[in-house]
Amino acid sequence: MDRNDTQLVADYLNGDETALGFLVDRYIKDVYRFAQQLTNDAGAAEDVTQESFVKAWKHIRSYRQGSNFKTWIFTITRNTAIDWLRKQKEIALSSFENVEGQNMLLETIADTNPLPDELLVRAENTAHVVFLLEQLDSKYRDVLTLRYSSNMTFEEIGEVLRRPLHTIKSQHRRALVMLRRLLEAEPA
């Protein structure tokens, strides 16, 4: 018998300890992938994923029966990733300036822009898509990630991101247009 999410939550709350394990198994890969997209750090994504499931376990009694468990766990993941990102502090590049105001670090950083032949190679693989997504504002990137990496509906995305359905659809269209422009702007 294949139990749906609502039934698994109910079974867990009624004492079936294995039911929560089924939910974790069902969503762990998608949650990790989403956390990695949000943090852009594999190690952080592991931590965020683990913390998200711990939070879900601690607050499972606050889960509203009949609501979508997938959007609930993705909302927890998003909030956990945002908390992680807020804790990160970037080193101010100005702290590397000497008394004359020269920044030797900035002057010695190599040009990291890819060469045209590297861009062509990247266009043929998934890494290039990730590169393009990183150039988008996070509100657009999040919509595309949830839609295509996690196979969520627009309604589910709206619940996770706490935005109206029409906003999600509009941001999805705009994001696709932006990606197309980025692709067209690349050297041939």
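The values are calculated or read from the model by the stated rules, or taken from the named source; none is laboratory data. Every value quoted in this text rests on a predicted model; they were computed, and no experiment measured them. FYI the Cβ positions are ideal-geometry reconstructions off the backbone, even for glycines, and counts take in every protein chain you see. These area figures cover heavy atoms from the full protein model, side chains too; ligands, DNA and RNA do not enter into them. Shrake-Rupley method; radii C 1.70, N 1.55, O 1.52, S 1.80 Å.
Go through the range 133-178 and count every residue that is in a helix (DSSP H, G or I), within 19 Å of T39 (Cα to Cα) and not aliphatic (A, V, I, L, M). Steps first, answer last, please.
So the first thing to find is which residues in the range 133-178 are in a helix (DSSP H, G or I), and the list is 133-134, 138-149, 154-161, 165-178.
From the residues that got through so far, the ones that are within 19 Å of T39 (Cα to Cα) too are 133-134, 138-149, 157, 160-161.
Still in the running and not aliphatic (A, V, I, L, M): 134, 138-142, 145, 147-149.
Residues flagged as in a helix (DSSP H, G or I), within 19 Å of T39 (Cα to Cα) and not aliphatic (A, V, I, L, M) within the range 133-178 amount to 10.
Looking at (1) over 26 Å from F154 (Cβ atoms); (2) surrounded by 19 or more Cβ atoms within 10 Å (Cβ to Cβ), which is the only condition K70 fails?
(1)
Which one of the conditions (1) farther than 25 Å from A35 by Cα; (2) modelled with pLDDT under 80; (3) out of contact with any strand residue (DSSP E or B) (no Cβ under 6 Å at 6 or more places or on another chain) does R181 fail to meet, given that it meets all the rest?
Looking at each condition in turn, R181 falls short on (2).
Considering every residue within the range 52-62, establish whether at least one is of a type in the set (S, T, Y), closer than 24 Å to L161 by Cβ, in a helix (DSSP H, G or I) and open to solvent by 50 Å² or more (accessible area, probe 1.4 Å). First the steps, then the outcome.
Let us first name the residues in the range 52-62 that are of a type in the set (S, T, Y), namely 52, 62.
Applying the additional criterion that residues be closer than 24 Å to L161 by Cβ yields 52, 62.
From what's left, in a helix (DSSP H, G or I): 52, 62.
With open to solvent by 50 Å² or more (accessible area, probe 1.4 Å) added as a condition, the list becomes 62.
Yes.
Got a sec? Which of A44, A81 is under 17 Å from R162 (Cβ atoms) and open to solvent by less than 30 Å² (accessible area, probe 1.4 Å)?
Working: A44 fails: under 17 Å from R162 (Cβ atoms).
From the options A44, A81, the qualifying one is A81.
Do you know which residues across the range 14-41 are out of contact with any helix residue (DSSP H, G or I) (no Cβ under 6 Å at 6 or more places or on another chain) and assigned to a helix (DSSP H, G or I)?
If we filter the range 14-41 for residues that are out of contact with any helix residue (DSSP H, G or I) (no Cβ under 6 Å at 6 or more places or on another chain), which is where we start, we get 14-18, 21, 25-26, 28-30, 40-41.
Correct list: E17, T18, G21, D25, R26, I28, K29, D30.
Looking only at residues that are within 28 Å of D137 (Cβ to Cβ), in contact (Cβ under 8 Å) with a residue 24 or more places away in the chain and among the charged types (D, E, K, R) in the range 1-41, which one is most open to solvent (accessible area, probe 1.4 Å)?
Step by step, filter the range 1-41, then rank; the result is R33.
Every residue in the range 179-188 that is in a loop (DSSP other than H, G, I, E, B) and in contact (Cβ under 8 Å) with a residue 24 or more places away in the chain, please.
Answer for the range 179-188, where residues must be in a loop (DSSP other than H, G, I, E, B) and in contact (Cβ under 8 Å) with a residue 24 or more places away in the chain: E186, P187.
Here is a yes/no grid of residues against (1) out of contact with any helix residue (DSSP H, G or I) (no Cβ under 6 Å at 6 or more places or on another chain); (2) open to solvent by 80 Å² or more (accessible area, probe 1.4 Å); (3) modelled with pLDDT of 85 or more; (4) acidic (D, E):
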{"position": "K89", "(1), (2), (3), (4)": "yes, yes, no, no"}
{"position": "E97", "(1), (2), (3), (4)": "yes, yes, no, yes"}
{"position": "M104", "(1), (2), (3), (4)": "yes, yes, no, no"}
{"position": "D117", "(1), (2), (3), (4)": "yes, yes, no, yes"}
{"position": "L120", "(1), (2), (3), (4)": "yes, yes, no, no"}
{"position": "H128", "(1), (2), (3), (4)": "no, no, no, no"}
{"position": "L132", "(1), (2), (3), (4)": "no, no, no, no"}
